[in-house]
Amino acid sequence: VWARPSSAKGRRGINRDPSLEAMSVGSAVEPAAAAPTGDHRQLLLIYALIVLYAVNQTLQGPLEPFLVDKLVGKGDASSIAYGRLHSLFEAVQTVGSIAFGSFIDKRGVRTGLIVCFLASAASYALLSQATSIWMLYLSKVPGVAIHSYMCAQTAVSQITPEGEGRIVALGRLITAYTVGGIVGPVVGGRLGANGDYYTSAKVAVVGSLVATGLCFLMPVRVASDARSLVAVAPASAAELTTAKRSLPPLHERWRSIFALTGLLMLTRLIANTSNSMVYAARSLVLKNDMGFSQADLGIYISCMFAWGAVSNGLLLK
């Protein structure tokens, strides 16, 4: 059974992809001693998966406002549809995160990552065929199972010892997402510069399937000492039943989570709501009022990721 990661404790109900967090946090963690060799290889694989995840996700960022224009026409209707699209994805992510933490506890991080990347591939495949605004809305529904970053946080917490090494490893995970966040928007903006808003989605499908294949390089389970990843046999039905019975009732677990982290979750909820509003409005302002092209918007988003990494790295030293 997977232990809950210390950095994500109590976040089953409020899980957010780090697209906004990476821009505001960056990589502000000082280097430390490397993990043991076996762990180091597994960490590199996890970081590579998160880079792929971030690239695939941010490829669409500079193009979606223009795609909405194409599907519903320019004007207020387009702005309203884009806001709804953004809110829909955030809503399905929140709903999915409530159950996905328990899913990876029971099935393991490898299975969780496979499900996440297959859901990502399904989302981008639907997006690549979206010829109406309703199909575009439908492409966001698989987001209920897209929690790759949460899975990666769990894996990193399991394979690193508690203390400074774990903090460094989790900081590097943010760095990995930031790298993907810098590359993805620039590439996506270039791919859509000629008015083709579907090629980037097709590229993201391929990237998600490649990531799915890489997940099979991970071991099935994690050793209980949380210091090294080893392939262990899946637990028997009797062992799983015993483990399940040893857990406190669900309502008690929820009560403990909110008692320990309720204020933190409320703070994150307020911050993420504000950041989401700014993110959606900013893309519309840049496109409608400042005349940004697809490539311009892609460069701007990439610069935001890069500036977040640099500025916070300096400020938080």
(Q) Please report Rg (one decimal) and Dmax (integer) in Å for the Cα set of the range 155-198. (A) 16.5, 49
Q) Given a 1.4 Å probe and the protein chains all in place, what does the accessible area of CYS303 round to, in Å² to the nearest 10? A) 70
Q. Leaving out ligands, DNA and RNA, what percent of the accessible area of the range 105-190 is carbon and sulfur, probe 1.4 Å?
A. 66
Q.
For the range 36-193, compute Rg over Rh where Rg is the Cα radius of gyration and Rh is the Kirkwood radius from the inverse mean 1/r over Cα pairs.
A. 1.03
**Q.** Heavy-atom accessible area ranking, 1.4 Å probe, most first, across LYS70, LYS140
**A.** LYS70, LYS140
Q: Can you tell me which of 266-273, 161-168 comes out highest on packing, and rank the rest after it, using the mean Cβ neighbours within 10 Å?
A: 161-168, 266-273
Q) With labels modelled as points extended 7 Å from the Cα through the Cβ direction, what inter-label distance (nm, one decimal) is found for SER87 paired with VAL220? A) 4.6
Q. Non-local amide H neighbours of PHE292 (under 5 Å, H modeled in plane, Pro and chain starts lacking H): which ones?
A. LYS287
Q. Under Stokes-Einstein, with the Kirkwood radius over Cα pairs standing in for Rh, what whole-number D in µm²/s applies to the range 82-126 at 20 °C and 1.002 mPa s?
A. 185
Q | Inter-label distance, nm, simple model (7 Å from Cα along the C-beta direction), TRP307/LEU269 | A | 3.1
Q) Per-residue accessible area for MET290 at 1.4 Å probe radius, Å² rounded to 10? A) 120
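The values are calculated or read from the model by the stated rules, or taken from the named source; none is laboratory data. Just so it is clear, the model here is predicted, and its values are computed rather than measured. Every residue, glycine as well, gets a Cβ built from its backbone with ideal geometry; the counts of neighbours run over all protein chains shown. All accessible areas refer to the heavy atoms of the entire protein, side chains included, with ligands and DNA or RNA removed. Shrake-Rupley method; radii C 1.70, N 1.55, O 1.52, S 1.80 Å.
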